[in-house]
Amino acid sequence: MVKRFCILLLVLAVGLGFVCGCNGGGDDDDSDDDSGDDDHSEPGGPDVTILSPEDGVTIVHGSEVAFVGEAIDEEDGSLDGDSLVWESSIDGVIGTGRQFVRSDLSPGQHEITLTATDSDGKRGWATVNILLNQAPTCSIVSPGPDERFLLDEDVVFEAEATDPEDGEIADENIKWYSDVDGELGTGSTLTRNDLSEGDHIITLEVTDSKGAKCFAGVRIVVMEGKEWTIMVYLDGDNNLDDAGVEDMEEMETVGSNDYFDIVVLFDRWHGPARLWHVMNGYSEEIENLGEVNMGDPQTLISFATSAIEQYPAKRYALILWDHGSGWSDKDEPKPVKGICWDDSHGGWEGDYLTNDELNYALDQIKASTNVQLDIIGFDACLMQCIEVAHYIADSGRYVVASEETEPLDGWAYERFLAELDAQPDMDPLELAAAIVDGYY
């Protein structure tokens, strides 16, 4: 009778939220039963272990993540295949089996659960937490690709960097390196004027608070040289010979100086072609080349590559001087498209640089010197048309030319060279504008 009474009280007490012990002997132990989360398995279910990834690990988003686990069941032994299911709290089911690799998990904090189910339907599971950390993004604002600097000149390094989790990156986590000079410094903006002479591969390294990195790179050149080298391919081997002499005299009113060089290949109607270094009031003969064909692209290639090598500078302008025909009407019986006629080669019609040959020559100059010309100028008629610009677009930054015919004396060299003499550190756009302003 007493035993039945205790059982009745127990049932009633559970309904009321407390327990009464039998014979008045209440148990004061209030310990909780959390067996479900602690042993990670249902009674009789398999034992599950996640071997990889490690709990709490941070992984760069986009990297390969190896998932490795094991499940041992008393009756079935080691489980595999579809009986092992991996889930992410963000991406859902991500795989099955003992091991696999994923590199496409979403960024963020993942709770990874491996659930094993035995042949009786009993389950066991294990969990780990991992962080898929998005790497920062970064770019080099300056210096620009293949930008050239003189020795002892200030080189400004500027970066843009941000991180999806951290936001703005601290300056100490933005580092600059040169493959020649090593570590250059830290910060989103850095200025150095002591880089060694030569080609530099500049590397920007940005690191976020979790150790994920972003890299960007750019090539620059540090040289001993001048601000500008002006190269004039002066083809006077035709009826423009006298005008070529006049333009040489205009160049000599300014001439080369400590800040820029003027180098001219002048092929006259009669006599040999000569290479000149134009000075103030006179010109120094560099070389007597004999008779050359100014309509041969190899002549242009040899001239420009040699001038760039012998007269290094931060910036280069190449001016082609002669008759020009640009892009003639396709309906003409024999359309002529090109520049630089050489009457000594090909009779009265003369050989000339076709637009295809011009494009080839400029490509070869760039390939041989690794220099993109800052200005390509055509002191010739009819060369400023979109078709010609399309041909040469990859070889230069700015083109200066005339859409209409030009007078015999062409450009006003004494004017724009005087402007350059007054401001030798002109950028390419400023010098291009000075050429146009001087012409008018």
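The values are calculated or read from the model by the stated rules, or taken from the named source; none is laboratory data. Every value quoted in this text rests on a predicted model; they were computed, and no experiment measured them. Glycine also receives a Cβ, built like all others from the backbone with ideal geometry; neighbour counts cover every protein chain displayed.
Take segment 98-130 and flag every residue that is surrounded by fewer than 16 Cβ atoms within 10 Å (Cβ to Cβ) and not charged (D, E, K, R).
Q99, F100, V101, S103, S106, Q109, S119, G121, N129 - these are the residues of segment 98-130 that are surrounded by fewer than 16 Cβ atoms within 10 Å (Cβ to Cβ) and not charged (D, E, K, R).
If we keep just the residues of segment 45-93 that are part of a loop (DSSP other than H, G, I, E, B) and without any contact (Cβ under 8 Å) to a residue 40 or more places away in the chain, which is nearest to the chain's Cα centre (by Cα)?
Going through the qualifying residues, I end up with E64.
Would it be correct to say that E309 is of a type outside the set (A, V, I, L, M) and part of a strand (DSSP E or B)?
Criteria not met by E309.
Where the second residue is modelled with pLDDT of 90 or more and basic (K, R) and the first is more than 16 Å from V232 (Cβ to Cβ) and lies in segment 379-400, which pairs have Cβ atoms under 9 Å and are six or more apart or on separate chains?
Within 9 Å, the pairs are D394/K366; S395/K366.
On the given criteria, is E250 within 15 Å of Y413 (Cβ to Cβ), outside any loop (DSSP other than H, G, I, E, B), in contact with a helix residue (DSSP H, G or I) (Cβ under 6 Å, 6 or more places away or on another chain) and among the acidic types (D, E)?
Yes.
I'd like to check something: does segment 141-149 contain any residue that is within 15 Å of the chain's Cα centre (by Cα), polar (S, T, N, Q) and either assigned to a strand (DSSP E or B) or within 30 Å of D80 (Cβ to Cβ) (or both)?
yes
Any idea which of (1) assigned to a loop (DSSP other than H, G, I, E, B); (2) at pLDDT 95 or above; (3) closer than 29 Å to D166 by Cα is the one A135 doesn't satisfy?
(2)
If we keep just the residues of segment 96-110 that are of a type outside the set (S, T, N, Q) and under 37 Å from the mean Cα position of the chain (by Cα), which is farthest from A135 (Cα to Cα)?
Ranking the qualifying residues of segment 96-110, first place goes to F100.
Within segment 270-288, how many residues turn out to be buried (at least 16 other Cβ atoms within 10 Å of the Cβ) and either β-branched (V, I, T) or touching a strand residue (DSSP E or B) at 6+ places or on another chain (Cβ under 6 Å) (or both)?
Of the residues in segment 270-288, 8 are buried (at least 16 other Cβ atoms within 10 Å of the Cβ) and either β-branched (V, I, T) or touching a strand residue (DSSP E or B) at 6+ places or on another chain (Cβ under 6 Å) (or both).
Could you grab me the full set of residues in segment 253-272 that are in a strand (DSSP E or B) and at pLDDT below 95?
Within segment 253-272, D267, R268 meet the criteria.
Which numbered condition in (1) assigned to a strand (DSSP E or B); (2) modelled with pLDDT under 95; (3) not assigned by the TED database to the domain that holds E419 is the only one that D235 fails?
Tallying (1) assigned to a strand (DSSP E or B); (2) modelled with pLDDT under 95; (3) not assigned by the TED database to the domain that holds E419, D235 fails exactly one: (3).
Test each condition in (1) loosely packed, with under 13 Cβ neighbours inside 10 Å; (2) touching a Cys at 6+ places or on another chain (Cβ under 9 Å); (3) of a type in the set (G, A, S) for A135 and report the one that comes out false.
The single condition A135 does not satisfy is (1).
Are any residues in segment 272-287 of a type outside the set (D, E, K, R) and under 19 Å from S306 (Cα atoms), and if so, which ones?
Matches in segment 272-287: P272, A273, L275, W276, H277, V278, M279, S283, I286.
Could you check how many residues of segment 392-401 are buried (at least 18 other Cβ atoms within 10 Å of the Cβ) and under 27 Å from the mean Cα position of the chain (by Cα)?
Looking only at that region, the number is 4.
What are the residues in segment 349-395 that are farther than 29 Å from E246 by Cα and either touching a Pro at 6+ places or on another chain (Cβ under 7 Å) or not assigned by the TED database to the domain that holds A243 (or both), if any?
Y360, the sole residue that qualifies.
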